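A quick write-up on the structure given underneath.
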Amino acid sequence: GLGCLLLETICIAIVGTSVGAVIAAPLAFLGTRRFVPAPVAVLFNLIVMAIRSIPFLIYGLIFIRVCGPGSFTGVLTLAVCSVGLLCKRFTEAIDTLDFRAYHALEAMGTPKLSCVRHAALPQLVPQFFSAWLYRFDVNIREASALGLAGAGGIGAPLILALNQYAWHDVSTLALGMIALSWLVDLVSAFCRRRDA
């Protein structure tokens, strides 16, 4: 039913965004000159730029050819697309970091990873989560569009209903997508208010 399709679309977006965030977080640290030498940062920024420059539907079509249609393809596509945007947002957050606590720990001989964990991450988590929420909002819409190409979720039944001129089903699915987007906006606004 409609509820299952909407739930599948939400799950594709959540898993895709989360996998993208897990990959983007270390890449963001490798893409800023605050933590790595300039040539390394430039190299990783070029990689991320290359990932970001390809439209999500192209990734979708590539993964459909490689993995076949289905939800897994949708997750892979959204994960790769999320890496590009999230890495950029994460790197910007790292560049605006207050490094006084980090340098103080470093001066005491604390290992680099511990410095990041205790001085950088507490400042970064709210900004990282805000970026994740924004990307999740985008991914809900992209998951619906990817379904049209066969990557799971609500898109495939929608195109089928359109082809059969089943306008009742089309309007039901469209209203479901609108309600889903509205719900995501409400949750995002609530989370941002809590962070503020």
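Quick note: the coordinates plus some simple rules give every number you see, no bench work behind them. Nothing here was measured: the structure is a model prediction, and the numbers come from that model. Note that we place each Cβ from the backbone using ideal geometry, even for glycine, and neighbour counts take in every protein chain shown.
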Taking Cα atoms only, helix 38-52 is inclined relative to the longest principal axis of the chain by an angle, in degrees rounded to 10, of 10
So what J values fall out for the range 123-136 if you push phi through Karplus, 6.51 cos²θ - 1.76 cosθ + 1.60 with θ = phi - 60°, rounded to Hz, Gly and Pro as x?
6, 7, 3, x, 5, 5, 5, 4, 5, 4, 4, 4, 5, 4
With a point put 7 Å past each Cα toward its Cβ, work out how far residue 118 is from residue 50 in nm, to one decimal.
3.9
Measure nothing but the geometry: give the 0 to 90° angle between the long axis through the Cα atoms of 2-30 and the longest principal axis through the Cα atoms of the chain, rounded to 10°.
20
Set of the range 63-77 residues, backbone N closer than 16 Å to the point 7 Å along the Cα-Cβ line of residue 163
69-70
Tilt, helix 71-95 to longest principal axis of the chain (alpha-carbon atoms), in degrees rounded to tens, equals 30
Among 107, 166, 21: highest mean-square fluctuation, GNM of the chain, C-alpha pairs under 10 Å:
107
For the chain, modelled as a Gaussian network with Cα springs under 10 Å, which listed residue fluctuates most, 176, 60, 84?
176
Determine the distance separating the Cα centre of the range 63-86 from the Cα centre of the range 90-108; give it in Å without decimals.
33
Can you give the alpha-carbon Rg of the chain over 2.2 N^0.38 Å, where N counts its residues?
1.20
Expected max-MSF residue from 18, 181, 53 in the GNM of the chain (alpha carbon, under 10 Å) is 53
What does the extension gain come out to for residue 185 and residue 137, with contour length at 0.36 nm per residue minus their alpha carbon separation?
16.6 nm
